[in-house]
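Written out below as structure tokens is the structure these notes cover.
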2 protein chains.
Amino acid sequence: MNFNQAKTQFIQTWGTLGSEWGINRSMAQVHALLLISPEPLSTENVMEELSISRGNANMNLRDLINWNLMSKVLVPGDRQEYFEAEKDIWEIARRIAKERKKRELEPVLKVLDQLKQADLDKSLKTHQSFLATINDLDDFVGKMDKSVEVMLKADESWFFSTLLKLIK
Amino acid sequence: MNFNQAKTQFIQTWGTLGSEWGINRSMAQVHALLLISPEPLSTENVMEELSISRGNANMNLRDLINWNLMSKVLVPGDRQEYFEAEKDIWEIARRIAKERKKRELEPVLKVLDQLKQADLDKSLKTHQSFLATINDLDDFVGKMDKSVEVMLKADESWFFSTLLKLIK
DNA sequence: CTAAACTTTCAGTAATAATTGAAAGTATAG
DNA sequence: CTATACTTTCAATTATTACTGAAAGTTTAG
């Protein structure tokens, strides 16, 4: 396998993985492309490399910036904007975790806490079962949330070494 | 908020969360419905409760069984099949983790390991950068994979208490 | 100020994914 | 065996999401 084949396959694989995780294919591919690029790339570069339109490239670069996975880079004497990806995988994982915590875990916790307040009749099986599930979920999602907090404060080698030591 | 409102909101919320995670809305809703149901439900019940078609109900129940989140229950003297969800949240999390590990982590590891073998010229910056990213990712995904193994062998209270104690 | 170089937006279109419902398939009671 | 009750499949349809490209917007050099 030569470099171009390997590169193409990596971008493809990352794109597929992205879509399995609810991230659109192009965004994951743009991310993959920037991850392996030694230099920042312009919108033009991304359009050419991935054969996508200007609009698509622009929107996905923007989204990646919103996810805090990329930043704009200015080259003196050049009016084009360039984009550079965060390369540290642990840092990437933390930023994604932080964002998903905020966008998904926290809102769900809020809803679950509201549902606990619902006006229920504990003599009814359906109500009991509902409440039991909500309580269990709230507890579990709360622990997930706290675990992400641990991860956000941790450094990589410590985090995994602690976690993996436990298996022995 | 009364019971029906709470129930509807829970099913809705779970459906939305599902789609953010690449799981189709109906499947997540069927799961939610069964999670809070004190009794197993038939395909008919699911169709009515969620106002979806027979085909849709059938396919999603089937998929949930494939994910090992639900099982068929036979009621003596009744020809209809009933479905019952696993209720233990920790057990649900483990089964999902196990499945995603198999479907996503392991294939990605395989690809990354192949890409490491690609025929590269280490004097080129692009190749160096590619290899560095692939190696870092392989390392990280490998640790994730191992971490899931830890989780699969662990029991809930131990797992979280160990993890959360670390924050203090 | 103005033209050129660039970036962003977004209506229209294309691609993908989910859903329906009826027909085909299967199992069981009698 | 066969009629009935149920389950599964899948082609056609509908809904959702992503993408394009040209027009509008913005910035900067001169």
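The values are calculated or read from the model by the stated rules, or taken from the named source; none is laboratory data. Since this is a predicted model, take the numbers as computed values, not measurements. No Cβ is skipped: glycine too gets one built from the backbone with ideal geometry, and neighbour counts run over all protein chains shown.
Given the criterion under 20 Å from A:Leu137 (Cα atoms), touching a Leu at 6+ places or on another chain (Cβ under 8 Å) and at the interface with another protein chain (Cβ under 8 Å from one of its Cβ atoms), identify the matching residue among B:Ile134, B:Ile89, B:Ile96.
Numbers: B:Ile134 fails: under 20 Å from A:Leu137 (Cα atoms); B:Ile96 fails: at the interface with another protein chain (Cβ under 8 Å from one of its Cβ atoms).
Criteria check complete, one pass: B:Ile89.
Screening B:Leu120, B:Leu105, B:Leu163 for residues that are aliphatic (A, V, I, L, M) and more than 8 Å from every other protein chain (Cβ to nearest Cβ) leaves exactly one candidate, B:Leu105. Of the residues in the range B:81-102, none is within 13 Å of DNA strand D (Cβ to nearest atom), assigned by TED's automatic domain parsing to the domain that holds B:Ile23 and part of a loop (DSSP other than H, G, I, E, B). Would you please name the residue that is farthest from the other protein chains (Cβ to nearest Cβ), looking only at residues in the range B:1-48 that are more than 16 Å from the chain's Cα centre (by Cα) and not in a helix (DSSP H, G or I)? Checked the range B:1-48; the qualifying residue farthest from the other protein chains (Cβ to nearest Cβ) is B:Ser42.
Taking each residue of the range A:74-85 that is farther than 13 Å from A:Asn58 by Cα and looking for partners that are more than 10 Å from DNA strand C (Cβ to nearest atom) and modelled with pLDDT of 90 or more with beta-carbon atoms closer than 6 Å, six or more apart or interchain, yields A:Glu84/A:Pro40; A:Glu84/A:Ser71; A:Glu84/A:Val73; A:Ala85/A:Leu34; A:Ala85/A:Leu35; A:Ala85/A:Met70. Going through (1) more than 16 Å from DNA strand C (Cβ to nearest atom); (2) not assigned by TED's automatic domain parsing to the domain that holds B:Trp21 one by one, B:Ser71 falls short only on (2). Please verify whether the range B:105-115 includes one or more residues that are modelled with pLDDT of 95 or more and within 12 Å of DNA strand C (Cβ to nearest atom). No - not one qualifying residue is present in the range B:105-115.
Considering only the range A:78-91, I want to know if a residue exists there that is surrounded by fewer than 19 Cβ atoms within 10 Å (Cβ to Cβ), within 13 Å of DNA strand C (Cβ to nearest atom) and at pLDDT below 95. For the range A:78-91, residues surrounded by fewer than 19 Cβ atoms within 10 Å (Cβ to Cβ), within 13 Å of DNA strand C (Cβ to nearest atom) and at pLDDT below 95: present.
Going residue by residue through the range A:72-82, is there one that turns out to be of a type in the set (Val, Ile, Thr) and either within 22 Å of B:Trp158 (Cβ to Cβ) or within 12 Å of chain B (Cβ to nearest Cβ) (or both)? Looking through the range A:72-82, none of the residues is of a type in the set (Val, Ile, Thr) and either within 22 Å of B:Trp158 (Cβ to Cβ) or within 12 Å of chain B (Cβ to nearest Cβ) (or both). Going through the range A:1-15 one residue at a time, which ones are crowded, with 17+ Cβ neighbours inside 10 Å and among the β-branched types (Val, Ile, Thr)? A:Ile11, A:Thr13, listed by residue number.
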